[in-house]
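Only one structure is covered here, and it is reproduced in the block below.
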Amino acid sequence: MADKLIEINHLKTSFRIGDDYYAAVDDVSLSLNKNEVLAIVGESGCGKSALAFSIMGLHNRAKIEGEILYRNYNLVDVDESTWSKLRGKNLGMIFQDPLTALNPLMTVGAQISEALFLHNRKLSNEERKAKVIELIEKVGIPRPEHVYMQYPHELSGGMRQRVVIAIAIANDPEVLIADEPTTALDATIQSQILDLIRELKESMNAGIVLITHDLGVVAEMADRVAVMYAGQIVEIVDVHRLFENPLHPYTRSLLNSIPNAEKGQEKLHVIQGIVPALQNLPREGCRFKDRIPWIDESAHETTPELHEVAPGHFVRCTCYKQFHFPNEMKEGQAHANS
Amino acid sequence: MSKDVVIMSEQIEESHESPSGLKVLWREIIRDKLALSSLILLIVISIGVIIGSAILDYDEVTKVDLFNTHAPPSSENWLGTDYGGRDVFGQLIIGTRNSLAIGVLVTLMSGFIGILFGLIAGYFGGTIDNIFMRILDFFLILPFLMIVIIFVAIVPKYSIISFSLIMTAFLWMGTARLVRSKALQERELDYVNAAKTLGTSNLKIMLTHVLPNLSSIIIVNMTLSLAGNIGIESGLSFLGFGFPESTPSLGTLLSYATNPQTLEYRWWIWLPAAILILILMLSVRNVGEAFKRATDARQRRG
Amino acid sequence: MWKFTVRRILIMIPQIILLSVLIFILAKMMPGDALSGLIDPNIDPDTIEEKREQLGLNDPWHIQYVNWVKDLFQGDLGMSFFYKMPVTELIGQRIVNTFWLGLATLILVYLIAVPLGIISGRYNNTWADQLITGYTYIGFATPTFIFGLVMLWIFGFYFGWFPTGGSVTPGLEPGTMEYVLSKINHLLLPAISLALIGTVSTVQYLRNEIIDVKQQDFILTARAKGAPESRVYNRHILRNSLLPIAAFFGYEIVGLIGGTIFIEMIFSYPGMGQLFMESIVARDYSVATSLVLLYGIATIIGTLLSDIILSIVDPRIRIK
Amino acid sequence: MPILKVENLKVHFPIKGGIFGRTVDYVKAVDGVSLEIEKGTTYGLVGESGSGKTTTGRAIIGLNKITSGKVYFEGKEVTNLRRSRASFHRDVQMIFQDPYSSLNPKKRVLDIVAEPLRNFEKMSRSEEKKRVEELLELVGLSPESIVKYPHQFSGGQRQRIGIARAIALKPKLIIADEPVSALDVSVQAQVLNFMQEIQKELDLTFLFISHDLGVIRHMCNQIGIMYRGRFVEEGLTEDIFNNPQHIYTKRLVAAIPNIDPSKREESLQFRKEVDHEYKQSYANYFDEDGLAYNLQPISETHFVALPEKG
């Protein structure tokens, strides 16, 4: 398809722990379209950041299998020199923590300027500086000429994140990967940064992969959502349907866990337990099975797959059909020790 | 930290191992062949010199025999004799014991002062810390070697005790600085705050909460200082300002090498002592470095 | 930045005062005083007492201290009874030698540390790194004086490649080429011995610093910009890890101070360290205490230098 | 009588500076905060980083020195207590934000939970062990946990251990400082549920400190909103959410992401309006130093920081 920017097939990213490799991303297939915000949502340990880093080729000690198709490249095995042409030019990335993502010993201007310099040697120094100042202005930083000369530690967290964004969009990338871009920020700053990303998206014509744990951010930003659990995608669906008609038990539990106005101070209906650690991930059968033991064994598939239950709506494993929250489970006791 | 490392370290935390510092240290030693053999070597040498010096007749070894000076190695004197006709091998055994003993003694004493000083400064912070740090800074600018030498020179009734006290007085700063900076970090952690809100006294928090969490870095620091202190003692004895003349140490044997004749032609007097110091310091450091790796999860092997 | 510097210098002042007080007390505690050296058994004790009075040796200690400090400011460090000459002059003869030794060592330290540290940090866990780490391991465990002795034994006596004592071949005319070459020749072995051991902490520091910077998040940002590996290294990792090394300069001087005493003793190199040992042995305390004061001040200035350089290279300190 | 009453609390930290390192200024972390909490209710303290909400909580329990102002617990003054701190600490406890650093990694769960018991109750070892096991059961952990170390538990479980420690002495008031913000969303929900349960069971009063308005709305009866060390608005939960008056409160409320994707445009519009209003009428809400004015009542339960009229 023409408007598919990136197509990922059976991606498996494994890390070495002790003598064995453990897959943090396990058999993930998805695609990113032009002009779309694809949110990848899940809790810590689900593999969402490992997925983002695999797309950008930023893992240095991981074993990556499968395909990540972009234009006529398979990003899983392009060489370093091709990478340095693609990264920053075609693929941009926004990182989670603006306090550590910038070089403390370089001025803001020099750091943005470097991104331009690396992909366009034709610009003269003056032209490049003008462009940097334009970028600083574009990401909503006041007094760009002044900020150009400043060092990161002189800026607030929100401003630093804008600088990180300016670096990411410096060369108008086609694909922008935002790894928890607002997690480290205060609420009012978070909404400003999200609005900025949204604005930039309109003007840039890029596809955005938004990695987040926050369903509020998903609701505000995403077009399509992939929910990840234990290294796998358990549900992919467009954002409206996700909030209206979530199917996978994990998605449903996740949605229930956000306190909101309608629920008032009612008890939150969630499934107990956590995403298991990498070494302890169940590798066979439905990975969510252990957390919903009141659902009959036969409801699960032996090798769960993503089923297209409606156009564009995929759910892993058949257990969603029989799933219900336990009626009288005493919260806090049943599985706290699992 | 790169993402890979973050993911790895999370996994380490999930593993079911006791966080007891000593056990982790011990496991690292077992795993590290170099450190393990160093440790075994150290134990063998220590036991050897203790037994050896118990068997040797101290007076016999230090007895001046002017008819048998600078003798080359023979079956009688395995490593020959020095300028006073004293048996070098015997001096080597007793000297090693003395050097080791004073190294341990000075390390323990300066470690104790350093821990106390650092813990108080770091835990209370603020004005106390400020005053303590100024004192520490002052000690740090003193030219250590010269000051010690002057003290050794002017102390009346100079003895092993006064020697170790003088060394201790100018060697506690490293430990103090380390403990202080770690204690400053620890006291910001919420478990210390929690203990305070639970009504635990400051003294108890310092000793039962903060100190145990510093134990492994203290052990690392003290092991490495032990190696350093053995070197410092032998250096001072080499210059003639360490052990009193009558008490042989490894440095005393080395000091014979300041005589060019001895250095050039009678290697058996000084070279064994030099090698022994190297072996001792290397072994202690090997053990210390292995401890260090164990406390620094990033460097931990496997 | 200037504020930081001024503050740092102000902190120095009480340190120097305290140091001088300590040294004054030490000097007073030492057996004998300025007159001991001049004592002539024929002089009548009353005359000596008179002389003491005249020299202010019977004044209360604080007045003596103030006088001593006054003399210090006028460059008067007292008399050496052993050499029978002013201490200032005596030290003046030796300080040049120690200065050249220190400078040569410092240059060697950096010449060794920078490439080794970079190789070890950049290619860590390769055989080259293991070799270098092995060297630092041994270097840390080797006392300078033992290494110096062995170097002298092997290269001075056994091979005879280097002179085994002194700072210049006697009889050469100062200012001639031969004189300079002889000076360098005498300097080389002591400086190499001191540098090979002294450099290991810098090697290790640089290695750890590079490994540390390699794992920082902003390195990922640089890679994500599309910077090729070589640029990531040169522009980001190396720059960020070499700057603190530059600042180490002052501490490096401090670290060398102890080492020069041993090295000068072993190589019979006529510098201040050797002078110190000679004066202690000869109980010539006015020389010894003056040297301690000098070395103490050198230490203070060394750390000051480092702190200031650090504040210049690191914008986080520079811009407050 | 309110269980906790805070009057004009100020916590100032000195800033050292200048050439001599003297105190040149103060960070006014908390600058005139007053609040009252009724028994059995939950009072929410909200603000962004640097607002002084955490310092307020820490000052009340005695972890930060109070510069001026008074704190009353059950009518008795407890400001900067030193000698009689013991009895106060029996009744007031704290839950910390970071489940990792708030438990001493070198101690077993038994020693962690028993620490307050050892400080205040003379119990035999077996009584103590029994009590700890009961407490663990109460927070939903198995009694076998007592021999384990903190790192053997997940974040949510650790937070439960922290709660078990806090309720060991059956306190009356618990200061919860961002108790769920370090946790994943679903674990967060698990802990929130559990806190509501023990509140009912033990008739606890909470001072709940958080930056997350969603969580605050879910948990609290009454809310105080802080900005740069001062209250900008205080009221019942309904007052704050249905009728926010101060521009800063409005900004905070507008910043909560709307979880209905179809209302995206509306909420963006709302944010823009609020932002516009913020820029327009900034001077009506903040004084020359950018600080909030004193609180003025606009109803019996609802107070807003506005310039005094007249």
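The values are calculated or read from the model by the stated rules, or taken from the named source; none is laboratory data. Not measured: the values here are computed from a predicted model. For neighbour counting, all protein chains shown are included, and Cβ atoms are generated from backbone atoms with ideal geometry for every residue, glycine included. Calculation scope for accessible area: heavy atoms of the full protein, side chains included, ligands and nucleic acids excluded. Shrake-Rupley method; radii C 1.70, N 1.55, O 1.52, S 1.80 Å.
Brief remarks on what is shown
- Note on C:285-298: average number of Cβ atoms from other chains within 10 Å of each residue's Cβ is 3.
- For chain D, the membrane-span-like helix rule (DSSP H, alpha carbon extent of at least 15 Å along the helix axis, mean Kyte-Doolittle at least -1.0) picks out D:109-120, D:155-167, D:185-202; this says nothing about an actual membrane.
- Accessible area (Å², per residue) of chain D, counting only protein heavy atoms and a probe of 1.4 Å: 42
- Solvent-accessible area, 1.4 Å probe, carbon plus sulfur percent, for chain C: 68
- Residues of the stretch C:202-232 buried by at least 30 Å² of accessible area upon assembly of all protein chains, compared with the chain on its own (1.4 Å probe): C:Q215, C:D217, C:F218, C:L220, C:T221, C:R223, C:A224, C:K225, C:G226, C:R231.
- Between C:M29 and B:E245, the C-beta separation translates, for a Förster distance of 25 Å, into a calculated FRET efficiency of about 0.65.
- Along the axis of the charge dipole computed for chain A (Cβ charges of +1 for Lys and Arg, -1 for Asp and Glu, origin at the Cα centre), the listed residues A:S31, A:A226, A:G57 are led at the positive end by A:G57.
- The A-B contact accounts for roughly 900 square angstrom of buried accessible surface, both chains included, probe 1.4 angstrom.
- Principal-axis tilt of helix B:144-154 within chain B, Cα atoms, nearest 10 degrees: 50
- DSSP assigns beta bridges within the protein assembly as shown; of those with both partners inside it, close to 65 percent run antiparallel.
- Within 10 Å of the Cβ of each residue in B:176-189, the mean number of Cβ atoms contributed by other protein chains is 1.
- In the calculated pair-distance distribution of the stretch D:206-294, the portion above 18 angstrom amounts to 48 percent of the Cα-Cα pairs.
- Charges were assigned to the Cβ only: +1 to each Lys and Arg, -1 to each Asp and Glu. The resulting dipole of chain B about its Cα centre is roughly 680 debye.
- DSSP-defined antiparallel bridges as percent of all bridges, chain D, nearest 5: 65
- Between A and D, buried accessible area from a 1.4 angstrom probe totals roughly 3700 Å², ignoring ligands, DNA and RNA.
- In this label model, A:E145 and C:I184 are separated by 5.3 nm, measuring between points 7 Å along each Cα→Cβ vector.
- Chain D - charge dipole about Cα centre, Lys and Arg +1 at Cβ, Asp and Glu -1, debye rounded to 20: 1420
- Computed E for C:W127/C:R235 - FRET, C-beta separation, R0 35 angstrom, nearest 0.05: 0.80
- Histogram of C-alpha separations across the stretch B:23-300, 5 Å bin width, %: 1, 6, 11, 13, 15, 14, 12, 10, 7, 5, 3, 2, 1, 0, 0, 0
- Cα shape, chain C, gyration tensor, a/c 1.5 rule: oblate
- In the stretch C:11-28, burial by the other protein chains removes 10 Å² or more of 1.4 Å probe accessible surface, compared with the chain on its own, from C:I11, C:Q15, C:L18, C:L19, C:L22, C:L26.
- The residue among B:L184, D:S102, A:V275 whose Cα reaches farthest toward the positive pole of the charge dipole of the protein assembly as shown, with charges on the beta-carbon of Lys, Arg, Asp and Glu, is B:L184.
- Within the accessible area of chain B (1.4 Å probe), percent carbon and sulfur: 67
- For the stretch C:144-224, trypsin sites (Lys or Arg not before Pro) are listed when DSSP marks them as loop and at most 10 other Cβ atoms sit within 10 Å of their Cβ; the list is empty.
- C-alpha long axis of helix C:45-55 to longest principal axis of chain C, angle in °: 50
- Most to least accessible of C:I16, B:I40 (protein chains only, probe 1.4 Å): B:I40, C:I16
- Candidate lysines - alpha carbon under 18 Å from A:K321, same-chain residues fewer than 8 apart omitted: A:K289
- Among D:K70, D:K200, the order of accessible area from largest down is D:K200, D:K70, computed with a 1.4 Å probe on protein heavy atoms.
- For the protein assembly as shown, the Cβ-based charge dipole about the Cα centre amounts to some 500 debye (Lys, Arg positive; Asp, Glu negative; other atoms uncharged).
- Mean Kyte hydropathy of -0.5 or more with a Cα span along the axis of at least 24 Å, helices from DSSP in chain A: A:187-204
- Chain B: most fluctuating residue of B:F291, B:F243, B:F124 per GNM, C-alpha cutoff 10 Å: B:F124
- Kirkwood hydrodynamic radius of the protein assembly as shown, Cα pairs, Å: 35.2
- Against the rule of thumb 2.2 N^0.38 Å, how large the Cα Rg of the stretch D:245-310 comes out: 1.30
- Span from the the stretch D:38-102 Cα centroid across to the the stretch C:202-239 one, whole angstrom: 44
- Counting only protein heavy atoms and using a 1.4 Å probe, the accessible area of C:L18 comes to about 90 Å².
- Nearest 10 degrees, 0 to 90: helix B:21-31 Cα axis against chain B principal axis: 60
- Chains C and B together bury some 4000 Å² of accessible area, summed over both sides, with a 1.4 Å probe.
- Other residues with beta-carbon under 14 Å from the beta-carbon of D:L110 carry, at +1 per Lys or Arg and -1 per Asp or Glu, a net charge of +2.
- Potential lengthening between D:E74 and D:V24 on full extension [0.36 nm per residue; Cα-Cα distance subtracted]: 14.2 nm
- When the listed pairs D:K129/D:K170; B:K204/D:K107; A:K89/D:K263; C:K3/D:K16 are checked against a 25 Å cut-off, the alpha-carbon distance exceeds it for A:K89/D:K263.
- Choice from A:P293, A:P276, A:P98 showing the highest fluctuation, given a GNM over chain A with Cα pairs closer than 10 Å: A:P293
- Sites B:V64 and C:A282 - FRET efficiency at Förster radius 22 Å, r taken between beta-carbons, to 0.05: 0.30
- The mean number of Cβ atoms from other chains found within 10 Å of a Cβ in peptide B:32-39 is 0, as a whole number.
- The residues of chain A present an accessible area of 40 Å² per residue when probed at 1.4 Å with all protein chains retained.
- Local electrostatic count at C:V254 - Lys and Arg +1, Asp and Glu -1, tallied over other residues with Cβ under 14 Å: -3
- Within the accessible area of the stretch D:137-292 (1.4 Å probe), percent carbon and sulfur: 46
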